[in-house]
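Student: My questions will all concern the structure given below.
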Amino acid sequence: KNLSQKALLVDPVLGGTEAGSLDWFDSIYKAGDGIETRLNYDVVDVHLYTKLIDKQIEGLPSAAPELLPTKINDIRNVLRKYGDESKPIISTEMGYLTSDKNGYSPALDYETQRDWVVRAYLMMLSEGVRKVWYYDFQDDGLDFEYLEHNWGLIDYFGVPKPSYYGYYNLSQQMRNAELIGAVSGLSTPYYGFEYFDETKNRKMSVIWAADGQTKTLQFDNLSGKDELIEVVGSDGSFDSVKTENG
């Protein structure tokens, strides 16, 4: 800070939101009497992986991305305790494994990894996480039982996994979207958020069933008075659905 007031200090790079990590985060503020710590760093960094050891949501698969709001709120509870709730949060690591045996998170098939990556980004966006880095772009090796070899959006040989295309489709659809808020009338296992795309002058609703089950839901006035709703899947599929009475 003495060298440049433009410098941003990102701290404390928490590995997660387990009790030990949160206690350590709290201890940083205690050591600096709260105010001193608040002034000494600018951005909170936490690795927002959802894990098997996290407290799970009943009815959802273990370590589902829908755990993220609770994890982010746990961080904010520490910040609120010391009057630092306005501090921005980023995540320099998050990701989902396609490893067979790891004990860290579930072994996901390629399609589920794709959907969870998309949902995780949407959950973090809805919670105001400012920046997110996916870990990692490419599988680090060929051992399907070793977790460090199985995080990638592309495999070891550079071939894209479905998650690569899910990431791409998310980026394309949401690149100009501004969050409005949660879709009303939904409860677990159904989630949804509304956005507005100013460049296309239209509202976008992102909805999904977090339990992985297919079910027909009725949404009243989801997109105003449009006679047709464009439906884009995380896999890039496209459909056009006719509305009935709004």
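The values are calculated or read from the model by the stated rules, or taken from the named source; none is laboratory data. Quick caveat, the model's predicted, so the values are computed rather than measured. Here the Cβ positions follow ideal geometry from the backbone for every residue, glycine too, while neighbour counts run over all protein chains shown. We work out accessible area using only protein heavy atoms, side chains counted, and drop any ligands, DNA or RNA first. Shrake-Rupley method; radii C 1.70, N 1.55, O 1.52, S 1.80 Å.
Student: Could you point to the residue in Y195, T37, L14 farthest towards the positive end of the chain's charge dipole, with +1 and -1 charges on the Cβ of Lys/Arg and Asp/Glu respectively?
Tutor: T37
Student: Can you put M94, M204 in order of accessible area, largest first, using a 1.4 Å probe?
Tutor: Highest to lowest solvent-accessible surface, that is M204, M94.
Student: Cα centroid distance between the stretch 186-208 and the stretch 60-118, in Å?
Tutor: Comparing the Cα centres of the stretch 186-208 and the stretch 60-118, I get a distance of 20 Å.
Student: Placing unit charges on C-beta atoms (Lys and Arg positive, Asp and Glu negative, everything else neutral), compute the dipole magnitude of the stretch 41-96 about its Cα centre in debye, rounded to 20.
Tutor: 140 debye
Student: Within the stretch 149-177, list the residues whose amide N lies under 16 Å from a label point set 7 Å along Cα→Cβ of W133.
Tutor: Flagged as within label range: 152-153.
Student: Calculate the radius of gyration of the Cα atoms of the stretch 81-240 to one decimal place, then report Dmax, the largest Cα-Cα distance, as a whole number, both in Å.
Tutor: According to the Cα coordinates of the stretch 81-240, Rg and Dmax are 17.4, 52 Å.
Student: What number, in percent, do you get for the relative contact order of the stretch 27-89 if the mean sequence gap of Cα pairs under 8 Å and at least 6 apart is divided by its residue count?
Tutor: Working: 40 pairs, mean separation 23.1, N = 63.
In percent, rounded to a whole number, it is 37.
Student: Then there is this: Grab the Cα-Cα distance for R76 and T188, subtract it from 0.36 nm times how many residues apart they are, and report the gain in nm with one decimal.
Tutor: Numbers: separation 112, 0.36 × 112 = 40.32 nm, distance 2.27 nm.
Going from the current span to full extension adds 38.1 nm.
Student: In addition: I need the fraction of alpha carbon pairs in the stretch 152-193 separated by more than 11 Å, rounded to a whole percent.
Tutor: Cα-Cα pairs in the stretch 152-193 separated by more than 11 Å: 72 percent.
Student: With charges set only on the Cβ (+1 for Lys and Arg, -1 for Asp and Glu), what does the dipole of the stretch 114-203 come to about its Cα centre, in debye to the nearest 20?
Tutor: That gives a dipole near 600 debye.
Student: Return the equivalent ellipsoid semi-axes of the stretch 1-76 as a descending list in whole Å, where each equals the square root of 5 times an eigenvalue of the C-alpha gyration tensor. Before the final figure, lay out the partial values.
Tutor: Details: eigenvalues 176, 37, 15 Å².
One finds semi-axes of 30, 14, 9 Å for the stretch 1-76.
Student: A further question on this structure: Which entries in K215/K242; K30/K87; K71/K101; K131/K203 show an alpha-carbon gap greater than 21 Å?
Tutor: From K215/K242; K30/K87; K71/K101; K131/K203, over 21 Å: K71/K101; K131/K203.
Student: Right, another one. Could you give the size of the charge dipole of the chain about its Cα centre, using +1 on the Cβ of each K and R and -1 on the Cβ of each D and E, expressed in debye and rounded to the nearest 20?
Tutor: Dipole of the chain, to the nearest 20 debye: 760 debye.
Student: Put +1 on the Cβ of every Lys and Arg and -1 on every Asp and Glu Cβ in the chain; which of T216, G152, H47 then has its Cα farthest towards the positive end of the dipole?
Tutor: Of the options given, the answer is H47.
Student: May I pose another question? Normalising by the residue count of the chain, find the relative contact order in percent from Cα pairs under 8 Å and 6+ residues apart.
Tutor: Numbers: 409 pairs, mean separation 32.5, N = 246.
That works out to 13 percent.
Student: Indicate the gyration tensor shape class of the stretch 39-169 (rounded, prolate or oblate), computed on the Cα atoms with a ≥ b ≥ c the square roots of the eigenvalues: a/c under 1.5 is rounded; otherwise a/b larger than b/c is prolate and the rest oblate.
Tutor: Since a/c reaches 1.5 and a/b is larger than b/c, the shape of the stretch 39-169 is classed as prolate.
Student: Round to the nearest 10 and give me the degree value, 0 to 90, for the angle of helix 162-174's Cα axis relative to the longest principal axis of the chain.
Tutor: 90 degrees
Student: Taking Cα atoms, how many degrees apart are the long axis of helix 110-126 and the longest axis of the chain, rounded to 10 and kept between 0 and 90?
Tutor: In the chain, helix 110-126 runs at an angle near 70 degrees to the longest axis.
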